[in-house]
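Peer 1: I'd like to ask you about the structure that follows.
The values are calculated or read from the model by the stated rules, or taken from the named source; none is laboratory data. Just so we're clear, the structure is a prediction, and the values are computed from it rather than from any experiment. Methodologically, a virtual Cβ is constructed for each residue, glycine included, from the backbone with ideal geometry; neighbour enumeration extends over all protein chains shown.
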Amino acid sequence: MPLLEAFERLGDVWGDAEESAELSRIELLDAHRAVSQAQRCLDGLHAELAATIAHESRSELGPDGFAKQHGYRSAAAMIAANTGGSAGDAKRLIAVGQAAAPRTNLLGEVLPARYPALASALAAGEISVAAAALIVSLLERIRLKVGSARVEEAERLLVGRAAGISLADVGKLVARAEAWLDPDGVAPREREARDRRSLTMFERDGSLHLVLQTDIASGAPIKAAIQAYVAASFQSRITATDPDAPDADRRSVAMIQADALTAICEHAIACDNGGMPASGATVVVRVNLDQLMSGEGSATIDGSDQPVSVSTCRRMAAGGGIIPVVLGSAGEILDWGREKRLFTRAQRLALVERDGGCAMCGLPPQMTKAHHIRWWQRDTGPTDLNNGVLLCESCHHRIHDNGWDIRIEGIGAAARVWLIPPRSIDPARTPRLGGRARYDIAA
């Protein structure tokens, strides 16, 4: 049983620690992984119990329902009281438990779980209940639209990809999967988001409060401009001669973003074309050539997890300040060999297409630089796509200082980036998928 195995593994680690008085870094990581797996197994078991409580509390039982017998309005209220969590958390437990629990038909015969791959992953502690809830929510939304065969394929792919990644990354994966499964649903969701757009402003406690909600396409230039300003501020902080000086920049990211909005608006009011750190910000929207021609499917915008419709892609490409990237069509030569040391703008756009941002941590493209995998001077590495990778400043130092390796599998923008940890982190040096492919469900 995975739960017992996780506890046995944790016991072994603690036993070794008692002999040496403290955990080594390898033992610390092993203990953390054992606790994490045990927690996921427990949460899966908890979801199963929650589904059973909900079944015993169903409305047709009336006052004989389990929750009502114990003085609770519903199963969710009873579970929330026992866990000390919210009703929303309880409902999530119930939904996941019901999706993973065996079923019975009208004759009382036992049937497999509605989502058997998800049930197996939960029981093995491979994915969390929170990740399972995102997957279940998507599969339930598209179930009637795409048919059972596509749902089964999506379940298998999503569960396989969700193991070993964060909840935020699972969210990105689910967003891409929804566009892949239901391309016709992208445009209606866009219209709904656009119809809900709003900006409210009010003053309180000596501060101006702004609350903005807009659709992804309309928000793309806002996000790109602010992120470019933040990136410029961090670059200035890195190159500062004395970072400990009294006047050194110690603003948080949230503070810099607020200052960015002020600076951008001051720039717009003054109508001055110079001195604006965000002036180099670009919005890149990309789409497959076949989808662009047919008008079906979806497109993506750099720095955003949510897809947009092809019609929105066309509208954005017609506007100023937007760079359209059409995949599968002939374009500028991207490989320059040893003729150029710095990556060209076209090469960087191709790296953005492949990596999606920092290939290691996922920061948006505006906060990354193109780096040579085999160094230009030391290794005589060429300035080609297969020798380039997008990395933020922090991950760039981590790669070089800690002994990580990078391998590119494939050719051009469709290639995959594999990050290979040093033996001090993973003795087996198991490659980890990086770049945009981590979230591409169709890959």
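Peer 1: Which one of ALA113, ALA101, ALA90 is touching a Pro at 6+ places or on another chain (Cβ under 8 Å), closer than 23 Å to VAL174 by Cα and at pLDDT below 95?
Peer 2: From the options ALA113, ALA101, ALA90, the qualifying one is ALA113.
Peer 1: For region 1-112, which helices (runs of 4 or more DSSP H) that fit wholly inside it have 2 or more residues that are among the basic types (Lys, Arg) and within 24 Å of GLU126 (Cα to Cα)? Reasoning before the result, please.
Peer 2: Details: elements: 2-20, 25-56, 66-69, 75-83, 87-100.
Helices (runs of 4 or more DSSP H) meeting the threshold: 25-56, 87-100.
Peer 1: So, in region 386-403, of the ones that are touching a helix residue (DSSP H, G or I) at 6+ places or on another chain (Cβ under 7 Å) and at pLDDT 80 or above, which residue ends up surrounded by the fewest Cβ atoms within 10 Å (Cβ to Cβ)?
Peer 2: In the first step, residues of region 386-403 are kept if they are touching a helix residue (DSSP H, G or I) at 6+ places or on another chain (Cβ under 7 Å); the result is 388-393.
Still in the running and at pLDDT 80 or above: 388-392.
Working: GLY388: 26, VAL389: 27, LEU390: 28, LEU391: 26, CYS392: 22.
By that ranking, first place goes to CYS392.
Peer 1: For GLU190, work out the one condition from (1) surrounded by fewer than 16 Cβ atoms within 10 Å (Cβ to Cβ); (2) in contact with a strand residue (DSSP E or B) (Cβ under 7 Å, 6 or more places away or on another chain) it doesn't fulfil.
Peer 2: The number of the failed condition is (1).
Peer 1: Kindly establish whether ALA437 is assigned to a helix (DSSP H, G or I), within 26 Å of LYS223 (Cα to Cα) and modelled with pLDDT under 80. Steps first, answer last, please.
Peer 2: On the way: assigned to a helix (DSSP H, G or I): yes; within 26 Å of LYS223 (Cα to Cα): yes; modelled with pLDDT under 80: no.
No; evaluated as a whole, the condition is false for this residue.
Peer 1: Restricting the search to region 131-157, which residues are closer than 18 Å to GLY97 by Cβ and among the hydrophobic types (A, V, I, L, M, F, W, C)?
Peer 2: ALA131, ALA132, ALA133, LEU134, ILE135, VAL136, LEU138, LEU139
Peer 1: Residue by residue through region 360-385, note down the ones that are part of a loop (DSSP other than H, G, I, E, B), crowded, with 16+ Cβ neighbours inside 10 Å and polar (S, T, N, Q).
Peer 2: The answer is THR368, THR383.
Peer 1: With in contact (Cβ under 8 Å) with a residue 12 or more places away in the chain and small (Gly, Ala, Ser) as the only criterion, which of ALA34, ALA81 stands out?
Peer 2: Working: ALA81 fails: in contact (Cβ under 8 Å) with a residue 12 or more places away in the chain.
ALA34 is the lone residue from the list that is in contact (Cβ under 8 Å) with a residue 12 or more places away in the chain and small (Gly, Ala, Ser).
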